[in-house]
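Have a look at the structure below, then the notes.
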Amino acid sequence: MILQNADARLLAAARVSRYLLYHVMRITAAELEPVDSFYIGFRQGESAIVYPYNWDGHEYDNPNINTFAPEGLTAWIVKHKKTYWSQADKALMLHRGRAFGDTSRRSAEGIVTPLIESGNRRVIGVMAMLSYTGGAYDESTCRFLEGLAEILVTALAREREDRERRRRFGGPEPSEPPVTQTLRRLRRQAEELRVQYPELQEPLERLCQTCAQAQTESAELLIAQTTQNDPLAGLTAREREIALLLIEPLTYAQLGERLCISEKTVKTHAANIIRKLDAGGRSGVRQLLLGSR
(Lines give C-alpha, C1' and ligand atoms only; values in the text may rest on other atoms or scores of the structure.)
Protein backbone atom coordinates (compact mmCIF):
# COMPACT_ATOMS: atom_id res chain seq x y z
CA MET A 1 0.00 0.00 0.00
CA ILE A 2 2.86 2.40 0.81
CA LEU A 3 4.39 1.73 -2.61
CA GLN A 4 1.09 2.27 -4.42
CA ASN A 5 0.50 5.57 -2.65
CA ALA A 6 4.09 6.68 -3.31
CA ASP A 7 4.05 6.08 -7.07
CA ALA A 8 2.43 9.39 -8.05
CA ARG A 9 4.38 11.31 -5.40
CA LEU A 10 7.72 9.98 -6.66
CA LEU A 11 6.97 10.66 -10.32
CA ALA A 12 5.89 14.20 -9.39
CA ALA A 13 9.16 14.70 -7.48
CA ALA A 14 11.09 13.58 -10.57
CA ARG A 15 9.62 16.50 -12.52
CA VAL A 16 11.06 18.95 -9.96
CA SER A 17 14.65 17.70 -9.56
CA ARG A 18 16.74 14.55 -9.25
CA TYR A 19 17.66 15.50 -5.69
CA LEU A 20 14.01 15.70 -4.65
CA LEU A 21 13.31 12.36 -6.34
CA TYR A 22 16.11 10.62 -4.43
CA HIS A 23 15.13 12.39 -1.21
CA VAL A 24 11.50 11.21 -1.49
CA MET A 25 12.75 7.71 -2.37
CA ARG A 26 14.60 7.57 0.93
CA ILE A 27 11.68 8.96 2.93
CA THR A 28 9.33 6.44 1.31
CA ALA A 29 11.65 3.55 2.21
CA ALA A 30 11.77 4.80 5.81
CA GLU A 31 7.97 4.65 6.00
CA LEU A 32 8.20 0.86 5.78
CA GLU A 33 11.36 -0.06 7.72
CA PRO A 34 14.14 1.74 9.64
CA VAL A 35 16.68 3.29 7.26
CA ASP A 36 19.95 4.36 8.84
CA SER A 37 21.74 4.74 5.50
CA PHE A 38 20.54 5.05 1.94
CA TYR A 39 22.34 5.51 -1.36
CA ILE A 40 21.76 5.51 -5.10
CA GLY A 41 24.52 4.92 -7.65
CA PHE A 42 24.75 4.74 -11.43
CA ARG A 43 27.23 2.74 -13.50
CA GLN A 44 29.85 4.65 -15.44
CA GLY A 45 31.48 2.40 -18.02
CA GLU A 46 32.38 -1.15 -16.99
CA SER A 47 34.17 -0.58 -13.70
CA ALA A 48 33.03 2.71 -12.14
CA ILE A 49 29.92 3.91 -10.37
CA VAL A 50 28.75 7.46 -9.59
CA TYR A 51 26.87 8.06 -6.33
CA PRO A 52 24.83 11.27 -6.67
CA TYR A 53 22.94 10.57 -3.42
CA ASN A 54 24.50 9.26 -0.16
CA TRP A 55 22.63 9.65 3.14
CA ASP A 56 23.79 8.41 6.53
CA GLY A 57 21.72 9.11 9.62
CA HIS A 58 20.98 12.82 9.54
CA GLU A 59 23.92 13.68 7.30
CA TYR A 60 24.08 13.94 3.53
CA ASP A 61 27.45 12.65 2.31
CA ASN A 62 29.22 14.22 -0.66
CA PRO A 63 28.50 12.70 -4.09
CA ASN A 64 31.44 10.72 -5.43
CA ILE A 65 32.63 8.34 -8.13
CA ASN A 66 34.40 5.04 -7.38
CA THR A 67 35.63 1.98 -9.22
CA PHE A 68 34.20 -1.37 -8.20
CA ALA A 69 36.17 -4.60 -7.96
CA PRO A 70 35.20 -7.78 -9.86
CA GLU A 71 34.63 -9.59 -6.55
CA GLY A 72 32.61 -6.76 -4.99
CA LEU A 73 28.92 -6.26 -4.39
CA THR A 74 28.21 -3.99 -7.37
CA ALA A 75 29.91 -6.42 -9.76
CA TRP A 76 27.83 -9.26 -8.29
CA ILE A 77 24.61 -7.34 -8.85
CA VAL A 78 25.59 -6.40 -12.41
CA LYS A 79 26.36 -10.04 -13.18
CA HIS A 80 23.33 -11.67 -11.55
CA LYS A 81 20.82 -8.84 -12.08
CA LYS A 82 19.11 -9.53 -8.78
CA THR A 83 18.78 -8.07 -5.30
CA TYR A 84 21.39 -8.68 -2.63
CA TRP A 85 20.24 -9.15 0.98
CA SER A 86 22.98 -9.26 3.60
CA GLN A 87 21.40 -12.20 5.41
CA ALA A 88 22.44 -14.39 2.48
CA ASP A 89 26.16 -14.15 3.34
CA LYS A 90 26.16 -12.62 6.83
CA ALA A 91 26.89 -9.17 5.35
CA LEU A 92 30.24 -10.29 3.89
CA MET A 93 29.89 -8.45 0.55
CA LEU A 94 28.08 -5.55 2.18
CA HIS A 95 31.27 -4.53 4.00
CA ARG A 96 33.67 -4.89 1.07
CA GLY A 97 32.76 -1.54 -0.48
CA ARG A 98 33.79 2.01 0.37
CA ALA A 99 32.51 3.23 3.74
CA PHE A 100 30.67 6.56 3.82
CA GLY A 101 29.03 8.79 6.39
CA ASP A 102 29.80 7.71 9.98
CA THR A 103 32.73 5.35 9.31
CA SER A 104 33.04 4.47 13.01
CA ARG A 105 29.92 2.27 12.71
CA ARG A 106 29.15 -0.67 10.43
CA SER A 107 25.74 -1.54 9.08
CA ALA A 108 24.40 -4.79 10.47
CA GLU A 109 21.98 -5.37 7.62
CA GLY A 110 21.42 -4.07 4.13
CA ILE A 111 19.51 -4.60 0.91
CA VAL A 112 20.96 -3.50 -2.43
CA THR A 113 18.81 -3.82 -5.54
CA PRO A 114 19.71 -3.26 -9.20
CA LEU A 115 18.29 -0.49 -11.35
CA ILE A 116 17.40 -2.35 -14.55
CA GLU A 117 16.33 -0.79 -17.85
CA SER A 118 13.10 -2.45 -18.93
CA GLY A 119 13.97 -2.79 -22.61
CA ASN A 120 17.42 -4.37 -22.70
CA ARG A 121 17.56 -5.63 -19.07
CA ARG A 122 20.82 -3.75 -18.56
CA VAL A 123 21.83 -2.89 -15.00
CA ILE A 124 22.37 0.87 -14.97
CA GLY A 125 22.87 1.31 -11.23
CA VAL A 126 22.02 0.27 -7.68
CA MET A 127 19.86 1.48 -4.79
CA ALA A 128 20.44 0.47 -1.17
CA MET A 129 18.89 0.77 2.25
CA LEU A 130 20.90 -0.19 5.35
CA SER A 131 20.31 -0.51 9.07
CA TYR A 132 22.54 -0.68 12.13
CA THR A 133 20.08 -3.21 13.58
CA GLY A 134 20.35 -6.85 12.57
CA GLY A 135 17.12 -8.54 11.49
CA ALA A 136 15.53 -5.21 10.54
CA TYR A 137 14.49 -6.41 7.08
CA ASP A 138 12.69 -9.39 5.56
CA GLU A 139 11.63 -10.69 2.13
CA SER A 140 8.86 -8.11 1.86
CA THR A 141 11.44 -5.34 2.36
CA CYS A 142 13.42 -6.72 -0.59
CA ARG A 143 10.30 -6.68 -2.79
CA PHE A 144 9.51 -3.16 -1.61
CA LEU A 145 12.94 -1.80 -2.52
CA GLU A 146 12.70 -3.53 -5.90
CA GLY A 147 9.40 -1.73 -6.47
CA LEU A 148 11.04 1.59 -5.63
CA ALA A 149 13.82 0.77 -8.08
CA GLU A 150 11.28 0.15 -10.87
CA ILE A 151 9.65 3.51 -10.18
CA LEU A 152 13.04 5.24 -10.29
CA VAL A 153 13.95 3.65 -13.64
CA THR A 154 10.53 4.64 -15.02
CA ALA A 155 11.00 8.23 -13.86
CA LEU A 156 14.45 8.42 -15.46
CA ALA A 157 13.12 7.00 -18.73
CA ARG A 158 10.39 9.67 -18.82
CA GLU A 159 13.02 12.32 -18.16
CA ARG A 160 15.07 11.09 -21.12
CA GLU A 161 11.97 11.15 -23.32
CA ASP A 162 11.26 14.74 -22.25
CA ARG A 163 14.86 15.71 -22.98
CA GLU A 164 14.67 14.12 -26.43
CA ARG A 165 11.46 16.02 -27.18
CA ARG A 166 13.16 19.28 -26.17
CA ARG A 167 16.07 18.47 -28.46
CA ARG A 168 13.84 17.66 -31.42
CA PHE A 169 11.50 20.60 -31.03
CA GLY A 170 13.99 23.22 -29.85
CA GLY A 171 12.86 23.50 -26.24
CA PRO A 172 15.11 25.01 -23.52
CA GLU A 173 17.77 22.77 -21.96
CA PRO A 174 18.34 22.66 -18.18
CA SER A 175 20.97 25.16 -17.01
CA GLU A 176 24.39 23.89 -15.97
CA PRO A 177 24.87 23.63 -12.18
CA PRO A 178 27.91 25.07 -10.32
CA VAL A 179 31.04 22.97 -9.85
CA THR A 180 30.92 20.35 -7.13
CA GLN A 181 34.08 21.53 -5.35
CA THR A 182 32.71 25.04 -4.77
CA LEU A 183 29.42 23.66 -3.51
CA ARG A 184 31.23 21.37 -1.09
CA ARG A 185 33.11 24.32 0.42
CA LEU A 186 29.92 26.39 0.63
CA ARG A 187 28.02 23.59 2.35
CA ARG A 188 30.85 23.00 4.83
CA GLN A 189 30.90 26.70 5.71
CA ALA A 190 27.13 26.73 6.19
CA GLU A 191 27.36 23.70 8.49
CA GLU A 192 30.03 25.44 10.57
CA LEU A 193 27.85 28.55 10.89
CA ARG A 194 24.91 26.39 11.92
CA VAL A 195 26.92 25.19 14.92
CA GLN A 196 28.25 28.65 15.80
CA TYR A 197 24.89 30.44 15.56
CA PRO A 198 22.02 28.29 16.90
CA GLU A 199 19.63 31.24 16.46
CA LEU A 200 20.13 30.87 12.67
CA GLN A 201 19.52 27.13 12.69
CA GLU A 202 16.50 27.16 10.39
CA PRO A 203 17.81 29.36 7.54
CA LEU A 204 21.23 27.69 7.62
CA GLU A 205 19.61 24.27 7.49
CA ARG A 206 17.76 25.35 4.35
CA LEU A 207 21.06 26.55 2.88
CA CYS A 208 22.70 23.18 3.62
CA GLN A 209 19.84 21.39 1.90
CA THR A 210 20.13 23.67 -1.13
CA CYS A 211 23.84 22.87 -1.37
CA ALA A 212 23.10 19.16 -1.10
CA GLN A 213 20.57 19.44 -3.91
CA ALA A 214 23.02 21.28 -6.13
CA GLN A 215 25.74 18.71 -5.41
CA THR A 216 23.42 15.94 -6.56
CA GLU A 217 22.63 17.83 -9.76
CA SER A 218 26.35 18.37 -10.40
CA ALA A 219 27.03 14.65 -9.99
CA GLU A 220 24.24 13.89 -12.46
CA LEU A 221 25.87 16.29 -14.91
CA LEU A 222 29.11 14.33 -14.54
CA ILE A 223 27.28 11.15 -15.53
CA ALA A 224 25.78 12.71 -18.64
CA GLN A 225 28.88 14.60 -19.78
CA THR A 226 31.32 11.72 -19.32
CA THR A 227 29.09 9.34 -21.24
CA GLN A 228 28.59 11.81 -24.10
CA ASN A 229 32.20 12.97 -24.41
CA ASP A 230 34.02 9.64 -24.25
CA PRO A 231 32.21 6.60 -25.66
CA LEU A 232 35.28 4.49 -24.80
CA ALA A 233 35.35 5.46 -21.12
CA GLY A 234 34.70 1.90 -19.93
CA LEU A 235 37.49 0.25 -21.96
CA THR A 236 41.02 -0.64 -20.92
CA ALA A 237 43.95 1.12 -22.60
CA ARG A 238 44.56 -1.88 -24.89
CA GLU A 239 40.88 -2.15 -25.77
CA ARG A 240 40.73 1.55 -26.62
CA GLU A 241 43.69 1.11 -28.97
CA ILE A 242 42.06 -1.84 -30.73
CA ALA A 243 38.63 -0.18 -30.84
CA LEU A 244 40.09 2.73 -32.80
CA LEU A 245 41.66 0.27 -35.25
CA LEU A 246 38.40 -1.61 -35.75
CA ILE A 247 37.07 1.26 -37.86
CA GLU A 248 39.78 0.65 -40.45
CA PRO A 249 39.15 -1.77 -43.36
CA LEU A 250 41.53 -4.41 -42.02
CA THR A 251 40.96 -8.09 -41.29
CA TYR A 252 41.56 -9.45 -37.79
CA ALA A 253 44.71 -11.13 -39.08
CA GLN A 254 46.00 -7.81 -40.45
CA LEU A 255 45.18 -6.09 -37.16
CA GLY A 256 47.13 -8.78 -35.34
CA GLU A 257 50.16 -8.20 -37.55
CA ARG A 258 50.01 -4.45 -36.90
CA LEU A 259 49.74 -4.96 -33.13
CA CYS A 260 52.20 -7.89 -33.02
CA ILE A 261 49.61 -10.19 -31.43
CA SER A 262 47.76 -13.26 -32.69
CA GLU A 263 44.53 -13.11 -34.67
CA LYS A 264 42.83 -15.06 -31.87
CA THR A 265 43.86 -12.41 -29.32
CA VAL A 266 42.52 -9.64 -31.55
CA LYS A 267 39.18 -11.46 -31.85
CA THR A 268 39.00 -11.87 -28.07
CA HIS A 269 39.63 -8.16 -27.51
CA ALA A 270 37.13 -7.27 -30.24
CA ALA A 271 34.45 -9.44 -28.64
CA ASN A 272 35.03 -7.74 -25.27
CA ILE A 273 34.88 -4.28 -26.88
CA ILE A 274 31.64 -5.07 -28.70
CA ARG A 275 30.10 -6.39 -25.48
CA LYS A 276 31.17 -3.43 -23.35
CA LEU A 277 29.98 -0.88 -25.91
CA ASP A 278 26.79 -2.85 -26.55
CA ALA A 279 27.61 -2.29 -30.23
CA GLY A 280 26.17 -5.50 -31.68
CA GLY A 281 29.17 -6.09 -33.92
CA ARG A 282 32.23 -4.55 -35.51
CA SER A 283 30.09 -2.32 -37.73
CA GLY A 284 28.37 -1.03 -34.58
CA VAL A 285 31.74 -0.03 -33.10
CA ARG A 286 32.60 1.78 -36.32
CA GLN A 287 29.28 3.63 -36.32
CA LEU A 288 29.64 4.59 -32.65
CA LEU A 289 33.15 5.99 -33.05
CA LEU A 290 32.68 7.75 -36.37
CA GLY A 291 29.43 9.24 -35.16
CA SER A 292 31.12 10.62 -32.03
CA ARG A 293 33.85 12.53 -33.93
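Here are some notes:
- For the set Trp76, Trp55, solvent exposure ranked by accessible area (probe 1.4 Å, protein chains only) runs largest to smallest as Trp76, Trp55.
- Ordering 119-131, 198-210 by mean Cβ neighbour count within 10 Å, with the highest value first, yields 119-131, 198-210.
- Reachable lysines, given that their alpha-carbon falls under 28 Å from the alpha-carbon of Lys82 and they are not under 8 places away in the same chain: Lys90, Lys276
- Spin-label model, Ser104 to Glu150: label points 7 Å out along the Cα-to-beta-carbon direction sit 4.2 nm apart.
- Note on Ala12 and Cys260: the extension gain reaches 83.6 nm, defined as 0.36 nm multiplied by sequence separation minus the Cα-Cα distance.
- Using θ = phi - 60° in the Karplus curve 6.51 cos²θ - 1.76 cosθ + 1.60, the 3J(HN,Hα) couplings for segment 238-249 round to 5, 5, 4, 4, 6, 4, 5, 7, 5, 7, 7, x Hz; x is entered for Gly and Pro.
- If R0 is taken as 25 Å, the Cβ-Cβ distance between Thr236 and Arg122 corresponds to a FRET efficiency of 0.80.
The values are calculated or read from the model by the stated rules, or taken from the named source; none is laboratory data. Predicted model only: the values in this text are computed from it and were never measured. Here the Cβ is made from the backbone with ideal geometry for all residues, glycine too, and neighbour counts use every protein chain on show. Please note that ligands, DNA and RNA were not included when accessible areas were found on the heavy atoms of the full protein model with its side chains. Shrake-Rupley method; radii C 1.70, N 1.55, O 1.52, S 1.80 Å.
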